[in-house]
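Below is one structure, written out as structure tokens, with a few remarks after it.
The values are calculated or read from the model by the stated rules, or taken from the named source; none is laboratory data. Given the structure is predicted, the values throughout are model-derived calculations rather than measurements. Because the Cβ atoms are built from the backbone with ideal geometry, glycine has one as well, and the counts that use them run over all protein chains shown.
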2 protein chains.
Amino acid sequence: MFIGAQVSLYPMTSDFVDVIMTGLEALSPYEADLRIETDDMSTLMVGAPEPLFAAIRDLFAAAAKRPEHVTMHVTFSRGCPGEPDDPSCRCETLEQAQEQSLSDRQALAAQAVVQAPDLGVGIDVQFSLYVMGSGNHMDEIYGCIDFLKGSGTFHGSKNFCTRLRGDAGAVFETLRQAFLRFGPAQGHVTIDMTASANSPSLR
Amino acid sequence: MFIGAQVSLYPMTSDFVDVIMTGLEALSPYEADLRIETDDMSTLMVGAPEPLFAAIRDLFAAAAKRPEHVTMHVTFSRGCPGEPDDPSCRCETLEQAQEQSLSDRQALAAQAVVQAPDLGVGIDVQFSLYVMGSGNHMDEIYGCIDFLKGSGTFHGSKNFCTRLRGDAGAVFETLRQAFLRFGPAQGHVTIDMTASANSPSLR
């Protein structure tokens, strides 16, 4: 299994380099657990979902604590057949999911969001979950949407995606649960996610 | 068939509202052909792929002609089983694709990129093509990658995505061809795309 993300932070300010550097500092605690490589368009992070989602959450939360409008785009991927197996990506949640029914996975996902840490940073997210190479992908998608509606972070459905709103801790736990608990445990699943904070449209 | 996109423009400047307004003006010629709805996170555009990709291309090109660093994220979707049929999204290219072999589709895609207009704006793109609900989705993905490598806009492979670089005309035609010619003609196909222009990382 290969698990990772391409991450891009977009501060809507002329001081964008400074905001990006503030965000990148928040990644320090995760450098031992993740492979992190930056180019001119995005930062690749490869590793197990526990540090992966925590690192991306902390990156965005650090930038969002500043006053400027900031957004972030992330492409999450697990199980892509074109990527090599990587032992650092091993994930017990995924291994256990193979034996669990959809309703069991929905209950475990909901419980994880309740236990998420509170970071004191309100954020908006919209995302799409994609399940590839499976004939019944919409069953898993609808099962995931049911979980999202009861997660406490659900903020509405849009064409092609779902809105979430809440504390960065609960929102990123919701995303991690959607990513891990839905779609075949050993299959190819991706998330296309956009986050936003301090938007003047909401003032 | 339902075809559309969620589009977000991110200017890395404190004058971001002004840059976004410049970009939105470029959408005027397409207002008759597309349904366009904006909220605080993205702009929904629904319609046939011809005006859809042209509108998004012109939006980004207008913003990229200014000196500021600007990025854009787009989620393209066709054939999502959860969306209603919409006659305005009818697309002859897709209807014809049902009868065409993979190699025929690759040749037609390459030809379309050669004929793309030159907009005089150099841009960078990275994107992922997702083909859902099909057992052989990787055959279509690898067929698409072969097309991309010969498209003249290919700029390298990354984990989870492909880089394109070139004039906005050729790059967005490459994206449209990838979206229309690969994956089942009546199936659910999406693209997760990020564009960038005037990045200080490249100076």
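One table, with the values for the structure above:
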| quantity | calculated |
| --- | --- |
| Some residue of region A:133-142 being surrounded by 21 or more Cβ atoms within 10 Å (Cβ to Cβ) and either at pLDDT 95 or above or aromatic (Phe, Trp, Tyr) (or both) | no |
| Qualifying residue in region B:28-45 (condition: more than 11 Å from chain A (Cβ to nearest Cβ), closer than 28 Å to residue B:87 by Cα and among the small types (Gly, Ala, Ser)) | yes |
| Members of region B:37-67 found to be polar (S, T, N, Q) and either modelled with pLDDT of 95 or more or part of a loop (DSSP other than H, G, I, E, B) (or both), listed by number | B:42, B:43 |
| Odd one out for residue A:21, checked against (1) within 14 Å of chain B (Cβ to nearest Cβ); (2) closer than 24 Å to residue A:133 by Cα; (3) in a helix (DSSP H, G or I) | (2) |
| Residue in region A:85-94 that is in contact with a Leu (Cβ under 8 Å, 6 or more places away or on another chain), under 30 Å from residue B:17 (Cα atoms) and either surrounded by fewer than 19 Cβ atoms within 10 Å (Cβ to Cβ) or in contact (Cβ under 8 Å) with a residue 40 or more places away in the chain (or both) present | no |
| Region B:128-150, residues that are farther than 14 Å from residue B:170 by Cβ and among the hydrophobic types (A, V, I, L, M, F, W, C) | B:129, B:131, B:132, B:138, B:141, B:144, B:145 |
| Matching residues, region A:8-42, being in contact with a Leu (Cβ under 8 Å, 6 or more places away or on another chain) and within 27 Å of residue B:155 (Cβ to Cβ) | A:9, A:19, A:20, A:23, A:24, A:27, A:34, A:35, A:36, A:37, A:38, A:40 |
| Test: residue B:75 is within 10 Å of chain A (Cβ to nearest Cβ), crowded, with 17+ Cβ neighbours inside 10 Å and within 15 Å of the chain's Cα centre (by Cα) | yes |
| Within region B:154-188, considering residues that are of a type in the set (Val, Ile, Thr) and either free of Cβ contacts under 8 Å to residues at least 24 places away in the same chain or in a helix (DSSP H, G or I) (or both), the one farthest from residue A:138 (Cα to Cα) | B:171 |
